[in-house]
1. With respect to the numbered conditions (1) of a type in the set (A, V, I, L, M); (2) farther than 13 Å from residue 69 by Cα; (3) at pLDDT 95 or above; (4) surrounded by fewer than 18 Cβ atoms within 10 Å (Cβ to Cβ), which one is the sole condition not fulfilled by residue 5?
2. From the list 70, 36, pick out the single residue that is surrounded by 15 or more Cβ atoms within 10 Å (Cβ to Cβ) and either closer than 24 Å to residue 10 by Cα or under 10 Å from the mean Cα position of the chain (by Cα) (or both).
3. Just give me the residues in region 8-22 being surrounded by fewer than 14 Cβ atoms within 10 Å (Cβ to Cβ), touching a residue at least 12 places away in the same chain (Cβ under 8 Å) and either within 13 Å of the chain's Cα centre (by Cα) or not in a loop (DSSP other than H, G, I, E, B) (or both), in sequence order.
4. For the subset of region 46-100 comprising residues that are among the polar types (S, T, N, Q) and over 21 Å from residue 120 (Cβ atoms), which member is modelled with the highest pLDDT?
Amino acid sequence: MQTLASLSLAPGHDTVTQALAWLESIAERERWPTRLAFKLSLCLDEALSNIVMHGFPSTRDGSPRPHISLSVLQADGSIAIDIADNGIPFDPTQRASPELSATLDDARIGGHGLRLMRHYLQNIEYRRDTDWNRLRLTATPDTDGE
């Protein structure tokens, strides 16, 4: 896979906004189809929001400084976003999507991001490498040209 761009971030209140602006600039530069850019932005937003909210519950003296690294890769018509963070271990590929509610009155807000990611992405891969979570989100352009 060819690396198109990389970004390093410290988790904080503007991490997701910075990452999405960065991804949008890559999508424009590379002239990705609108729907491909949408799918990847939505999934990056979901993954990063969860990492920032839940991946770094506290920082203790002597622990490594919280860090997130992003890379966008391209190969054989697919685009992948690699997300690496040194937060607590979490493998989203082992999580089941919650059941859908029968009615809107019974529906809860939140908890469906993984379902969206599984819908829009061709592949979600996770591995723990030493003290790092490594998540790869892979999408392909839709065959209808958009």
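The values are calculated or read from the model by the stated rules, or taken from the named source; none is laboratory data. Everything quoted here is computed from the prediction, not taken from an experiment. All Cβ positions, glycine included, derive from the backbone under ideal geometry; neighbour counts span all protein chains shown.
1. Answer for residue 5: the failing condition is (2).
2. 70
3. Of everything in region 8-22, just one residue is surrounded by fewer than 14 Cβ atoms within 10 Å (Cβ to Cβ), touching a residue at least 12 places away in the same chain (Cβ under 8 Å) and either within 13 Å of the chain's Cα centre (by Cα) or not in a loop (DSSP other than H, G, I, E, B) (or both), namely 8.
4. From region 46-100, those among the polar types (S, T, N, Q) are 49-50, 58-59, 63, 69, 71, 74, 78, 86, 93-94, 97; that's our starting set.
Still in the list and also over 21 Å from residue 120 (Cβ atoms): 58-59, 63, 69, 86.
Values: 58: 71, 59: 62, 63: 70, 69: 98, 86: 95.
Ranking the candidates gives 69 first.
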